[in-house]
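The structure appears right after this line, and notes come after that.
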């Protein structure tokens, strides 16, 4: 029998959505449904934790970049 999961619609620019998808790809704990390039549905119970990880990633972008250096 199907079960319902409470979710929150997240709407953001594609760059931030890409970061959210990247965070979710580690354990698939956050995103319930990926709707389009600017929207996804996230588990209601995980919104605060996702915000913390997103803020951490945005504060330290150099930790997540590969091969980006100046010539």
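What follows is calculated from the coordinates using simple rules that are stated; it is not laboratory data. On a predicted model such as this, the values are computed, not experimentally measured, just so you know. Backbone-built Cβ (ideal geometry, glycine too); neighbour counts: all protein chains shown.
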Matching residues, the range 20-36, being surrounded by 11 or more Cβ atoms within 10 Å (Cβ to Cβ) and either free of Cβ contacts under 8 Å to residues at least 40 places away in the same chain or farther than 14 Å from residue 51 by Cα (or both)
20, 21, 23, 24, 29, 30, 31, 32, 33, 34, 35
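Name the residue that is surrounded by the most Cβ atoms within 10 Å (Cβ to Cβ), counting only residues in the range 1-19 that are under 17 Å from residue 61 (Cα atoms) and free of Cβ contacts under 8 Å to residues at least 24 places away in the same chain. Walk me through it before giving the result.
Let us first name the residues in the range 1-19 that are under 17 Å from residue 61 (Cα atoms), namely 13-19.
With free of Cβ contacts under 8 Å to residues at least 24 places away in the same chain added as a condition, the list becomes 15, 17-18.
On the way: 15: 7, 17: 20, 18: 12.
The residue in question is 17.
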